[in-house]
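Just below is one structure, and these are the notes that go with it.
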Amino acid sequence: MGQGCSSSSSSLGLGGDLTLTLPDECLECIFGKLGCHDRNNCSIVCKRWNHVDSKSRQRLNLLARSEICPSLPSLFSRFTSISTLSLKCSRKLVSIDDHSLARIPTFLPSLTKLKLKGCVHITDYGLISFSMHHPPLLSKLSFASCGVGSTGIVSLILNCPSLKDITLKHLRKLDAHNTPLLLQHQNNNKLERLCLKDVHNARLFIPLVCSSAQTLRTLIVCRSSGNWDPVLASLQSTTTSSSIVEIQMENVQMGNPGLLAISDSCPHLQVLYLSRATDCTDDGLSAIANSCRKLRKLHIDAWNRLGSRGIGEEGLLSIATKCPCLQEVVLMGVPITIISLNVLASNCPSLERMALCNTHSVGDLEMQFIGSKFTALKKLCIKSCPISDTGIKSVGEGCPSLVKLKVKRCKGVTQATLSKLKMRRRCLSVSAESGSMLLDQLEMEAPPALPNITSSRTHVICSSRGALLLRSSLHNALHIYHNRRRPPK
């Protein structure tokens, strides 16, 4: 009996396939946790694995060159459960055409997300033909560096009943044709998220934003030229307030009229990102504080593209006084002092995440105040501020809820202090970029100087991470040289 068991176990160990005992559902779960390359390798192991992979794969990334067009029908017929399709091609190559795009809904009825990047040979005709199939589950679209214009995008919005998320990035044809995205049947518009990046004609999107005001929840505009104040003002044209809860404006031309429009039309705003907006001041931020009392996240980069700073401490005081639900504050270039920190600590008891960057007004006194008053703070980031080891020690001794501390480009902070803080508070995660920090005393004990070598001086400019690697390499080289010159005992 024992011999039979040993022989069966040895046969399983040597030549048996243990996966034969697994049901297909288990294999599907395992394949779902693999990367694209590993999953492709698994699909060629055997017929069963190929079948399981074909019926369970939900995401497909293809290099969308023109050569793949004849193979698309057989490829999509194999993967019938695809819900996310990504087609990418270099703009210098010939991409798939309109005819290939138009047939995708017939092969992939479960498609929910479609991403096109660099497909310059796909035009409005292809988008119109695609939308005529009325894909029932398609909810997210993304176009980057494609040859599409406003006509095709409008057709998709009107004919895709489940479409809620659109991302448009670097569409040259859309900018060149100068045709607004005008929706004739506004009742069919159910957009909830609109993301615009690297587009160069703001007024084209006024009709789209205006018609989506009742359903739109997230508006993101990045690195896009034109005056965006009229676009935000179009939210005020509706009879009822907008449902927008998140607005991100980064590197755009926008001023107080845009902030006033947000305050008037978006009373439910919870997330506000203002990064390098040209003409925003404390008055506009005060208007946000007066109307948007549900604000939870505030990110402000006060430096604009002209090198000046429009937002100061007055606007922050208004936000801290009238928005008690704040949970996250990121301030870059804002001259914050103990006065505004005191208001934040007293009026915002649920503040858990804070980042103070690129400001000379934050020193050791401010760090001591943070350590003593911000008891609910869990994550703190300090970057390019004139703090020293004293300030870090104060935060380490206070802030009982702190679980993560980041220190970047603070020249007065040494590695020895951070190491002691890690030892004192085991549950605290401390990360730092040491490339620009002061060397601690052990690192300052350098080996004897190298002999004079005649060479030309070279100036090296690198990032903090590069400086850290460079310093480590030079430090190790000096130690090796010192050990080699040390006389044997």
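The values are calculated or read from the model by the stated rules, or taken from the named source; none is laboratory data. Here the structure is a predicted model, which means the values were calculated and not measured. Because the Cβ atoms are built from the backbone with ideal geometry, glycine has one as well, and the counts that use them run over all protein chains shown. Surface areas here come from the heavy atoms of the whole protein model, side chains and all, with no ligands, DNA or RNA. Shrake-Rupley method; radii C 1.70, N 1.55, O 1.52, S 1.80 Å.
Straight Cα distances below 26 angstrom link LYS322 to the lysines LYS294, LYS297, LYS373, LYS378, LYS379, with same-chain residues fewer than 8 positions distant left out. Using a 1.4 angstrom probe on heavy atoms only, work out the carbon and sulfur share of the accessible area of region 38-85 in %. For region 38-85, the apolar C and S fraction of the accessible surface comes to 53 percent. Solvent-accessible surface of region 210-328, averaged per residue with a 1.4 angstrom probe and all protein chains in place: 37 square angstrom.
Along its first, second and third principal axes, ordered by size, region 335-404 spans 27, 22, 16 Å in Cα coordinates.
As a test, work out the antiparallel percent of DSSP beta bridges whose residues both lie in region 169-303, rounded to the nearest 5.
Numbers: 0 of 23 bridges.
Of those bridges, close to 0 percent are antiparallel.
If R₀ is 41 angstrom, what is the calculated FRET efficiency for the pair ASP264 and ILE44, using the beta carbon separation as r and rounding to 0.05? Computed FRET efficiency for ASP264 and ILE44 comes out at 0.10. Two decimals, Cα atoms only, Kirkwood Rh: what is Rg/Rh over region 281-354? Using only Cα positions, Rg/Rh for region 281-354 is 0.95. For region 160-268, averaging the sequence separation of C-alpha pairs within contact (under 8 Å, six or more residues apart) and dividing by the residue count gives a relative contact order of 24 percent. Distance from the C-alpha centroid of region 326-365 to that of region 93-152: 46 Å, rounded to the whole angstrom. Sorting the segments 147-154, 384-391 by their mean number of nearby beta carbons within 10 angstrom, highest to lowest, gives 147-154, 384-391.
The listed residues ASP17, ASP283, once ranked by accessible area (1.4 Å probe) with the largest placed first, stand as ASP283, ASP17.
Short to long, the 10 Å bins of the Cα pair-distance histogram for region 257-404 hold 12, 44, 33, 10, 1 percent of all pairs.
For region 200-287, the fraction of alpha-carbon pairs lying more than 20 Å apart is 23 percent, rounded to a whole number. Most tightly packed first, judged by the mean number of other beta-carbon atoms within 10 Å of their residues, the peptides 84-93, 419-428 read 84-93, 419-428.
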